[in-house]
Amino acid sequence: MAKDKKLIIGNWKMNLSVHDASLYLHTLSERVKSHRSVEVVIAPTTLALQTLSLQVNLRQFKLSAQNFYWRDSGAYTGEVSATQLRGIVSYGLVGHSERRYVFHDTDKDIRYKVQAAIRNGMRPVLCIGETAGERAMGETFDVLHDQLLTGLANVTSDELDQVVIAYEPVWAIGTGDNALPGDVTQAVTAIRRQLKHLYGAKVADDVQVLYGGSVTASSAADYLAIEGVDGLLVGGASLKADEFSTIIEKAFESTKKKA
Ligand code: PGA
């Protein structure tokens, strides 16, 4: 996807029934203006994906899985594979902190999920970020380095343009305790430096890097103004139509400023 486009992802997490998700998508479709310079992605509960895929106008919104299993098929009770999501979603979140810390997704799971997404034509959104404890110990950059290295271990430079990286400090997710733009600048700079080191400047510069963690309509513009931030991963605020549509407008405004 063109690097001059902003990417805004709304992660609805384990909220809304299928019926309510469908109603809410309808509300959003009336509120949110489509802009060529902003790609808007919705990540509803897995259960609602198929219904929403029949309803959604793909020129307005793309869909994302919040999670999936990395094997394509087989005896894996309770799981949904990237292969099964083919044709339904365009994106898939991988390594979200709630997956890492609540469900204990391992580095190996995350690496394989990144590959499974690419193999099945969906763009993985690899989420990386330090916990409060790691931050207090001054380990932020080591954590980002390790999570990036392991998450991308099997991604070739030809495949890298499929991948989106989301910097999501764990302590900022769902807490209202959002990161200072200065901290985000440093983290994103470190991520880009490492991507360059791994893949070379030409390919690395094109990777979309997002910020996520307690983003609201009033903080969105500050993050979008940071050099190297190409969009936002929004949780709580994506469940409020006014708030989410304002964030999308802020993204549009930020592309106008750059033009
Ligand atoms: P939040 O969630 O915006 O509610 O902090 C962000 C996320 O989980 O990606």
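Below are the figures for this structure:
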| quantity | calculated |
| --- | --- |
| Residue, nearest to the chain's Cα centre (by Cα), within the range 174-204, restricted to residues that are farther than 18 Å from L144 by Cβ and not polar (S, T, N, Q) | G174 |
| Residue in the range 209-224 that is in contact (Cβ under 8 Å) with a residue 12 or more places away in the chain, away from the ligand (no atom under 16 Å from the Cβ) and surrounded by fewer than 22 Cβ atoms within 10 Å (Cβ to Cβ) present | no |
| Flag if L28 is more than 17 Å from the chain's Cα centre (by Cα), closer than 30 Å to A221 by Cα and either buried (at least 20 other Cβ atoms within 10 Å of the Cβ) or in contact (Cβ under 8 Å) with a residue 12 or more places away in the chain (or both) | yes |
| Output for the range 83-98, where each listed residue is farther than 9 Å from R123 by Cα, of a type outside the set (A, V, I, L, M) and within 14 Å of the ligand (Cβ to nearest atom) | G95, H96, S97, E98 |
| Subset of the range 222-245 (residues that are in contact with a helix residue (DSSP H, G or I) (Cβ under 8 Å, 6 or more places away or on another chain) and assigned to a loop (DSSP other than H, G, I, E, B)) | A225, I226, E227, G228, V229 |
| In the range 141-180, the residues that are within 16 Å of the ligand (Cβ to nearest atom) and exposed (fewer than 15 other Cβ atoms within 10 Å of the Cβ) | G174, T175, G176, D177, L180 |
| Helices (runs of 4 or more DSSP H) (entirely within the range 136-221) containing at least 3 residues that are aliphatic (A, V, I, L, M) and at pLDDT below 95 | 201-204 |
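The values are calculated or read from the model by the stated rules, or taken from the named source; none is laboratory data. Keep in mind it's a predicted model, so treat the numbers as computed, not measured. Cβ sites come from the backbone with ideal geometry, for glycine too, and all protein chains shown count toward neighbours.
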